[in-house]
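Only one structure is covered here, and it is reproduced in the block below.
The values are calculated or read from the model by the stated rules, or taken from the named source; none is laboratory data. Quantities reported herein were computed from a predicted structural model and do not represent experimental measurements. Here Cβ is always computed from backbone atoms with ideal geometry, including for glycine, and neighbour counts include all displayed protein chains.
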Amino acid sequence: MTLGPETLASLTGEALERTAFVFVESSDAEATLEPAALATIDYAGEQAGRLAISADEGFLVELARGMLGEDESADALELGRAALCELCNIVAGSLVRALGGEHSDFRLGIPALTTPGDAPPQSGADATRCVLDSDEGRAIVDWSSSSGPVSS
């Protein structure tokens, strides 16, 4: 099964609204950003894949403020990176439910911060991208899936 950019944007937007009171709008899929952080998480089971979320500094600070109650302190950017990992975990959980239903056999990995540009999509994979703009920044969400069941 594949997911379109609208579904990916909806899953991410709902997670942001629920957990951080951050509201986003979809942007042009060709839009770019200067990434300040990249969080990734892999999953396996009925199919395998990766979710990656990159964000600019403005988005990270807004996420830290909304999710952790952190004001614009010197730690806001670092806390935003940690919050981005948690957001990646939440969205991945929603993503695997969307792919296989509530009783599907998927296993999530552990979200990790990665150097932007070091997490290419899996080869031969279906891939979907959505670009989301918030009041203070931008995030890009990439999903890739390999076909067939994979165990971990």
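Numbers below:
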{"read-out": "Counted residues, segment 54-77 - those being in a helix (DSSP H, G or I) and of a type outside the set (D, E, K, R)", "value": "11"}
{"read-out": "Count of segment 95-113 residues which are touching a residue at least 60 places away in the same chain (Cβ under 8 Å) and either surrounded by 15 or more Cβ atoms within 10 Å (Cβ to Cβ) or among the aliphatic types (A, V, I, L, M) (or both)", "value": "11"}
{"read-out": "Long-range neighbours under 7 Å by Cβ, at least six apart or interchain, first residue under 26 Å from residue 46 (Cβ atoms) within segment 1-25, second among the aromatic types (Phe, Trp, Tyr) and at pLDDT below 95", "value": "3/143; 8/143"}
{"read-out": "Of all residues in segment 88-116 being hydroxyl-bearing (Ser, Thr, Tyr) and assigned to a loop (DSSP other than H, G, I, E, B), the one that is farthest from residue 53 (Cα to Cα)", "value": "104"}
{"read-out": "Single residue of 49, 80 found to be assigned to a helix (DSSP H, G or I), crowded, with 20+ Cβ neighbours inside 10 Å and within 14 Å of the chain's Cα centre (by Cα)", "value": "80"}
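Here is a yes/no grid of residues against (1) surrounded by fewer than 19 Cβ atoms within 10 Å (Cβ to Cβ); (2) under 20 Å from residue 115 (Cα atoms):
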position: 6; (1), (2): yes, no
position: 43; (1), (2): no, yes
position: 64; (1), (2): no, yes
position: 89; (1), (2): yes, yes
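Yes/no matrix, rows are residues, columns are (1) closer than 20 Å to residue 64 by Cβ; (2) at pLDDT below 85:
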position	(1), (2)
87	yes, no
96	no, no
102	no, yes
119	no, yes
127	no, no
